[in-house]
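The next block holds one structure in the form of structure tokens; read it before the comments.
Please treat every number below as a calculation from the coordinates, not as lab data. These figures come from a predicted structure and were not determined experimentally. As a convention, Cβ positions derive from the backbone with ideal geometry for all residues, glycine included, and neighbour counts pool all protein chains shown.
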Amino acid sequence: MSLNWKDWITPRYSADAIVQKVAEEFEYFDDDIVVSTYHKSGTTLTQEMISCLILGPEKTKNTALLRRSPFIDFYKHLPRDPMEEARTLPRPRVLKTHLPPAFHMRHLSDRSPDVGPKNVIVIRNPKDVVVSAFHHFTGTKLFDGKPIPDKFSEYWRSAIFQPGNVSHHDIFDFNRSWWSFKDHPRVFVLFYEDIVRNKADQVRKLAKFLGVELTDELLEATLDLTSFQTMRENPNVNYSIAERAKDDWKPGSNFIRKGEIGDWKNHFTVAENEEFDRYIAERMRGCDLKFTFE
């Protein structure tokens, strides 16, 4: 687990030059909020929660997510460089990244409670992550290069045992590295399963971390706009129905698919689940981060 960004795999949706700019050049402000997650861990849901709290429900509802919360390390198939998009945003900014802390050490190395952006980390159990990612990557037309396995039994082994082969970094190194910053004054860790089970409680904790006065009206609006059904039907959030992006998705696929805990039970065989359990135990040995699987 390295805190040198050069040791990490560049995701297929990005490029070496892009992640280098994030690591070495992108300018953060102390009032920025950066949503940092492994993919398919509740990123969009968390962006919407924060957007409601920081930018307000009206702007959240009526403005495309990519415009109000740019994905700074993504560069393919976008009309404009997301880092340039971020530079034009009014402050405070809500930004998204799928990069581990190695790419953010310019501000994480300072442990002052007032210096650097606030980082909101979202962690989800790896079984549900790999299921959600399978449907995402086999459902979109965005990723070129090496074909993505279209059988789940092949996909999950490729994604877990050969990080970067499908799209991304190693999920265990990613989460363990962010977890090591859990006590940093500018880092707040959320668990996807906690959001699903009691979103109101997590919104309250998030508002406290962000320094937002949470009225009953704001809480109610946030819960309404971040309900699964509302997000699924909102083209400003759900890329698979957005006019500009819907052709990037195969028929029957959906960017916002289920939003459940435990869908892995519908995909792993008993033997596969036991194999994955052993691997999780091996990779998480010595770490007090615990996943919730159901």
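Where does the charge balance sit around Glu193 when Lys and Arg score +1, Asp and Glu -1, over other residues with C-beta under 15 Å from its C-beta? Taking every Cβ under 15 Å from that of Glu193, the sum is +3.
Using the average count of surrounding beta-carbon atoms within 10 Å as a protection proxy, the listed peptides 229-237, 47-55, 172-180 rank, highest first, as 47-55, 172-180, 229-237. Each other residue within a Cβ distance under 11 Å of Val237 adds +1 if Lys or Arg and -1 if Asp or Glu, for a net charge of +1. Of Lys151/Lys265; Lys40/Lys118; Lys182/Lys208; Lys205/Lys258; Lys96/Lys199, which ones are farther than 18 Å apart at the Cα? Correct reply: Lys40/Lys118; Lys205/Lys258; Lys96/Lys199. Mind telling me which of Thr37, Thr63, Thr222 comes out most flexible in a GNM of the chain, alpha-carbon contacts under 10 Å? Result for the chain, Cα springs under 10 Å: Thr63 fluctuates most. The slack in the chain from Asp201 to Glu25, taken as 0.36 nm per residue of separation less the alpha-carbon distance, amounts to 59.7 nm. Multiplying each eigenvalue of the alpha-carbon gyration tensor of the chain by 5 and taking the square root yields semi-axes of 27, 22, 21 Å, largest first, rounded to whole angstroms. Give, as a single signed number, the net charge of other residues whose beta carbon lies under 12 Å from the beta carbon of Ser153, with Lys and Arg counted +1 and Asp and Glu -1. That works out to -2.
For the chain, the residue among Ala23, Thr222, Thr140 whose Cα projects farthest onto the positive side of the dipole built from Cβ charges is Thr140. Its relative contact order, with pairs defined as Cα atoms under 8 Å and 6+ residues apart, puts the chain at 24 percent.
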